[in-house]
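Nothing in this text is a laboratory measurement; each read-out follows from the coordinates by a stated rule. In this text, all values refer to a predicted model and were calculated from it rather than measured experimentally. Cβ: placed from backbone, ideal geometry, glycine included. Neighbour counts: every protein chain shown.
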Amino acid sequence: MKALNALIVTLVTTMAAPAMAEDWTGVYGGFSFGYTDADGPNGSSGDDFSFGPHIGYDRDFGNFVLGGELEYNRLSLNLGQGEGSLDSMTRLKFRGGYDFGSALGYVVVGAARVDSSVDNDTAAVYGIGVAYPVTDNFIISGEALRQDFDDVTRTDGGLDSNVFNLRTTFRF
């Protein structure tokens, strides 16, 4: 009976203890797999899978985390309607987030560069994400990003793109 009482006290104490905050400070690198959807002028549009590496640094300030990241996504997205194709996107992102214990929720702002078969362009990137550490050094995360490019198609008109990435990251 003493052993059962000790077990119950241990379980109650463990469940009532607050979640330990993760230390997000440090350099990280990884790989993302995603889906890109783009809408251009004259009804041109396309979607395709994307993939590529990312590297960044985060600084943990207690409940808040600030960081920066460089990300490259390779894609082969045909826009149709003779408007060309998107070949890759490179992003320089700044992120700020809140440490929810074992998960990090964050917002992203920065610049995105698209390379297309017609022209290249730079635009703002913004979005949201969540990261969850599986181990001390291995993190899985997801991001939803938006870019609005001005001139990367054969005709005048903007190109709006949404990117949804699932990411695997190793923290050094």
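Are any residues in region 108-119 surrounded by 14 or more Cβ atoms within 10 Å (Cβ to Cβ) and out of contact with any Gly (no Cβ under 6 Å at 6 or more places or on another chain), and if so, which ones?
First pass over region 108-119, keeping only residues surrounded by 14 or more Cβ atoms within 10 Å (Cβ to Cβ): 108, 110-119.
Scanning region 108-119 gives Gly110, Ala111, Ala112, Arg113, Val114, Asp115, Asp119.
Any idea which of Gly127, Gly84, Gly62 is in contact (Cβ under 8 Å) with a residue 60 or more places away in the chain, more than 18 Å from Gly29 (Cα to Cα) and among the small types (Gly, Ala, Ser)? Break it down stepwise before answering.
Numbers: Gly127 fails: in contact (Cβ under 8 Å) with a residue 60 or more places away in the chain; Gly62 fails: in contact (Cβ under 8 Å) with a residue 60 or more places away in the chain.
One residue alone meets the criteria, Gly84.
Scan region 136-151 residue by residue and report those that are assigned to a strand (DSSP E or B) and of a type outside the set (Phe, Trp, Tyr).
Here is the first cut: in region 136-151, the ones assigned to a strand (DSSP E or B) are 138-149.
Passing the criteria: Ile139, Ile140, Ser141, Gly142, Glu143, Ala144, Leu145, Arg146, Gln147, Asp148.
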request  = Name every residue in region 79-89 that is at negative phi and surrounded by fewer than 16 Cβ atoms within 10 Å (Cβ to Cβ), in order of residue number.
outcome  = Asp87
